[in-house]
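Following: one structure in structure tokens, then a few remarks.
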Amino acid sequence: MREAWHKNDEKIYLIPQNLSERDVENHKQIAKKGTFTCPYCEAKLIVKSGDVLGNYFSHLHGEGCEISKQSEARYKKYEKQKKNDTPRHPQILSIMNDELEVLSRVYPYLTSSYGYLDTEFSMYIPDISLKINDKKYAFTIITNISSSTDTTIAKNINKQKQYYESLGYEPLFFIERSHLGVDIDGQSLVLWAAEHEALTTQKADISWKQFLTNLAPMNEYHQILNLPNKDLNVKSIMYITPAGEEIAIEAFHVLEQPFTTPVKAYFLSKPYKMTFSKAFKLAEDTLLLADMQIESENQSIYAEKFKKAKSTFIEQQKELERIREEQETLAKLKEKERQKQAEEKRKDYQESLNNSSYKKADKVAKLELLKRTYNANN
């Protein structure tokens, strides 16, 4: 097993896997002196190390207790789930877990643990289990999406969402920012299928939807900004900054663009970086995952841009209407002139026909024929 109860610190301790030989020996010594006990049966634990299993805790006498065996089974399943993640994953996870531990000291009704330590999970194991009173979250960090893994990861995210929700958890997915792709329009994300599945609805998204609903009718967004004429269901995708940068979260608030391949999502404002401590602020037992003051400022900026775009759109429509009216007037004048010329041609033709010598001769010939026919019959 990877976890133990540290008797002096009075908390769960996870044995690191990157210990030097000296550190491993030191862990063995303090374990012998009774520092570590089983979190489930309170039996004394010792430290072992090997090439296959790495560093781990073991019960001093005989096999582990039943609960510790179940914990080890969850850990193995978790390892299998995460086998394709990059080395960056455990670094991000460790910092995220540390921040949540600090938060738990501020809010005593908040508890967090690594997912495989939570006995509620069996089919799928999240990276972190977070509980705030009756509100529960399942965190998953994704660091390795590619053309060869995208479809599989997307299917797994979909299954995990359904599973976590069935247990009463809200699933949250954090994507490493190296996967971020902005389309050439500068205002839309191009998403992997896995990123599309990772979209969620957060408190800031609900605020954005209400803001957009109050700002203008949906059809105006379609006419003026060429947004999807479908709905205003704003969603979030959360990125974690890549290696070489201080770890932080960036959330994009987006509107999905239907029937696009690859999937596109229009983002409403430029993202901003948040430390975990800022992103994990609470409001009514709910994680904010946003700076609501910045969101309010971004909404004001968006409203101003929209008003300018609407004003420009109205002026363009007026100009198009003026051009259309001019074209219609010109077309009417042309048609009137055409009809006038046609009438003049008809009159000229009639007059020419009336004065035609052929017509007169033809009339005389017909009269002569009638006379002959009459005389022949009488």
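The values are calculated or read from the model by the stated rules, or taken from the named source; none is laboratory data. Here the structure is a predicted model, which means the values were calculated and not measured. So basically every Cβ, Gly included, is an ideal-geometry build from the backbone, and we count neighbours across all protein chains shown. Just the protein is used for accessible areas: all its heavy atoms, side chains included, with ligands, DNA and RNA removed. Shrake-Rupley method; radii C 1.70, N 1.55, O 1.52, S 1.80 Å.
FRET efficiency for ILE206 and SER122, Cβ-Cβ distance as r, R0 = 35 Å, nearest 0.05?
According to the calculation, E is roughly 0.65.
Rg to Rh ratio, the stretch 198-317, alpha-carbon atoms and Kirkwood radius?
We get a ratio of 1.00 for the stretch 198-317.
Note the listed values (i) 32, 30, 20; (ii) 29, 28, 19; (iii) 82, 24, 17, then indicate which one is semi-axes √(5λ) of the Cα gyration tensor in Å calculated from this particular structure.
(iii)
May I ask you to compute the full-extension gain from ARG105 to ASP9, defined as 0.36 nm times their residue separation minus their alpha-carbon distance, rounded to one decimal in nm?
Gain in length upon complete extension: 33.2 nm.
Give a quick list of trypsin sites (Lys or Arg not before Pro) in the stretch 1-73 that DSSP marks as loop, anything other than H, G, I, E or B, with at most 12 other Cβ atoms within 10 Å.
Working: sites: ARG2, LYS7, LYS11, ARG22, LYS28, LYS32, LYS33, LYS44, LYS48, LYS69; in loops: ARG2, LYS7, LYS33.
Sites meeting the loop and neighbour criteria: LYS33.
Calculate, in nm to one decimal, what ALA248 and LYS155 gain on full extension: separation in residues at 0.36 nm each, minus their alpha carbon distance.
30.8 nm
Counting only heavy atoms of the protein chains, get the accessible area per residue of the stretch 1-52 (1.4 Å probe) and round it to a whole Å² value. Numbers along the way, then the final one.
Values: 3400 Å² over 52 residues.
So the stretch 1-52 comes to 65 Å² accessible per residue, rounded to a whole number.
Helix 21-32: angle to the longest alpha-carbon principal axis of the chain, degrees 0 to 90, nearest 10?
60
Nearest 10 degrees, 0 to 90: what angle lies between the long axis of helix 66-81 and the longest principal axis of the chain (Cα atoms)?
Once rounded, one gets 40 degrees.
Given the rule -39500 (n - 2.57) for each run of at least 4 DSSP H residues, summed and divided by the residues of the chain, what is its mean residue ellipticity at 222 nm, to the nearest 500 deg cm²/dmol?
-16000 deg cm²/dmol
Of the chymotrypsin sites (Phe, Trp or Tyr not before Pro) in the stretch 89-129, which ones lie in a loop per DSSP and count no more than 15 other C-beta atoms within 10 Å? Don't skip to the answer; put the middle values down first.
Details: sites: TYR109, TYR114, TYR116, PHE121, TYR124; in loops: TYR109, PHE121, TYR124.
Answer in residue order: TYR109.
Given a 1.4 angstrom probe, what's the average accessible area per residue across the stretch 107-230, in square angstrom?
Working: 5490 Å² over 124 residues.
Each residue of the stretch 107-230 exposes 44 Å² on average to a 1.4 Å probe.
Using 0.36 nm times the number of residues separating GLU344 and LEU53, minus their current alpha carbon distance, what extension gain do you get?
94.3 nm
What are the lysines whose alpha-carbon lies under 17 Å from the alpha-carbon of LYS83, with same-chain residues fewer than 8 places away excluded?
Result set, ordered by chain and number: LYS155.
Can you give the angle from 0 to 90° between the axis of helix 203-215 and the longest principal axis of the chain, with both taken from C-alpha atoms, to the nearest 10?
The angle comes out near 20 degrees.
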